[in-house]
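Have a look at the structure below, then the notes.
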Amino acid sequence: MILNRKPNRWWGSYLRLLVAGALVLAVTFRLGNLSTKPYWEDEVFTSMRVSGYTLALVREQFDRRIVSAESLFQYQDVVQSGQSWGDSLSALSSRPEHAPLYFVLARAWAQVFGSSPGAMRAFPAITSLLTLPLFYGLARLLFNAPATASITLCLACVSPILIRQAQEARPYSLWIVGILASSTMLLRALRSNRRSAWMIYSLTVALTFWTHLLSGIVFAIHGLYVLILQRYAATSLTEDSASVVGRLGYQTPLAPSRIANFGRFLLLGTLPILPWLGWMFYRISSVKAVTSWQNTDKPLDDMLFGWTRNVSYLVLDWIPRDRWLIFAILWLLLFTWAVFRLLSASQLRQWLLPILFCLVPSVLLIVPDLLFGGIRSLIPRYSIPIYLGLILILGFAFSYCRPQSRRSATASRYSYFQKGLFHIVLVLMIAASWHNLHASVWWRDSRLFLVQVPQAVTQSAAPAVLVSDYRLSNVMSIGRLLRPTDSLFWLPRGKGDMDETDIDKIINSSDHVFLYQPSDNLLSQLEASLAERQIAIEKTETENLYQLIDKTEAEELNRQAVLSGHPTRK
């Protein structure tokens, strides 16, 4: 069955130029400005584990002590830390909710290229370049159409969400490589049924599992794909064999040997991760503690906005909160049209895999959140298989053409509409990725505080002290942008009050003391203690940032502000 008519010479040449330009942009967007955006707290965790430190150990070093901002780097630098490979493996095993492969490779990378944000991000950025030939190969193998593979590749080159994952010191670029490689090898193994192909598939399964534990969803998709194909063939044995072969897209229906090989080699690829899964369940209380933030409840309208925003990240870098419904309708129309094109014009073995990539993770993430509460479905990185499926669906929908014999004036106009829609989506992706390349933070307003807080602190005369009882990893992220002469004072939230010795230590350390994300308990305690010392706590223009000011000075500043028409807020 021929899915695409042979493209005309002009379109073929244009598409080759478009692919070349998209590849140049892919390299630029992934490798450009790697050091400019703040190193956020998940990346801090990456550097700490790679350097051989656990969060508990760092907490002990920071608890109620004034430490210089410069000293933060020793806990995130492989060379400065002096920790061994054994320390890194111990740090990984203490937090087994993450599979260790990426962190082991990142440790080797850091020993050669250093532990700066740019160096740590370069590893996933370069890794993400491997996804591009894998996207092309999977689309070519799945749809048997060079034009579809080329258009799919163009979308993958400039999609903002894929570039975002490529520029973070986290394992998700490597996970995308594993998902695409294992899916490609599954199709090759099903087609040839050769032992060598199945062995390579088994290897990709093992590597993908050792990269991310959510890979279980991916291989559940593979299992459903194989079983549905087999079931469809089994219920069609009484039909004309040519009809069955046409709809399945294979030379012969799936034989029992293919099913047996799939089960055998999937199990073989899964076995290496079982000891790590056993260790994770042994430390399940620790895993639940560090993932408890995912159990936050949100109202339905916030969930709907979050899902719309996540889908938008495939094409855009931002949508307005008050107009999310318009974007939800637009995406619904676009993807409904694309899915209709896919289902109506391709064979079962072609449309089934992309549809399962979208459907299975959506159900497994959204349904539990709605039934039991949680925000797992709002976390874009958990939805990576969905993004991959959507790119494959759009790649087919934008490229499919009716056979030449059925061409008409209406079909020709529809082809122009199809190509025009592809270019609109492509231009939107490029614009969003270009904006993110030069922006100070990802997704416009996301984590803007990581830039604003250090800017506000460093505008004061040096040295300054930043006091907080907020999450240590978040404070360490902000500390990376402070001056070397600035200091931090951190205490665990809810683990005891500050005493007079702590307050004296803070006040005597600097004339410029700031409070970042203080709890209500910390604020009330400080206000009561500092009132006796004629020191006021003033809220700054930066959200969640306060400053300690002498009351006499504060009154003078407030008087001047009233005269100017801008009184200060307390």
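The values are calculated or read from the model by the stated rules, or taken from the named source; none is laboratory data. Bear in mind the structure is a predicted one, so any value in this text is a computation, not a measurement. Neighbour counts are summed over all protein chains in view; Cβ atoms, including those assigned to glycine, are modelled from backbone coordinates with ideal geometry.
Things worth noting here:
- Conditions (1) under 37 Å from the mean Cα position of the chain (by Cα); (2) among the basic types (K, R); (3) at pLDDT below 85: number failed by K539: (3)
- Filtering the range 26-35 for residues that are of a type in the set (A, V, I, L, M), touching a residue at least 12 places away in the same chain (Cβ under 8 Å), surrounded by 17 or more Cβ atoms within 10 Å (Cβ to Cβ) and more than 26 Å from A99 (Cα to Cα) leaves a non-empty set.
- Sub-9 Å Cβ pairs linking a first residue in the range 431-452 that is in contact (Cβ under 8 Å) with a residue 60 or more places away in the chain and under 20 Å from L378 (Cα atoms) to a second residue that is polar (S, T, N, Q) and in a helix (DSSP H, G or I), at least 6 apart or interchain, are W442/N436; W443/N436; R444/N436; R447/S477, ordered by first then second residue.
- The selection criterion, being over 19 Å from I221 (Cα atoms), out of contact with any helix residue (DSSP H, G or I) (no Cβ under 8 Å at 6 or more places or on another chain) and at pLDDT below 90, holds for S405.
- Flag for A197 being surrounded by 21 or more Cβ atoms within 10 Å (Cβ to Cβ) and farther than 27 Å from F103 by Cα: no
- Scanning the range 95-102 turns up no residue that is of a type in the set (D, E), in contact (Cβ under 8 Å) with a residue 12 or more places away in the chain and in contact with a Pro (Cβ under 7 Å, 6 or more places away or on another chain).
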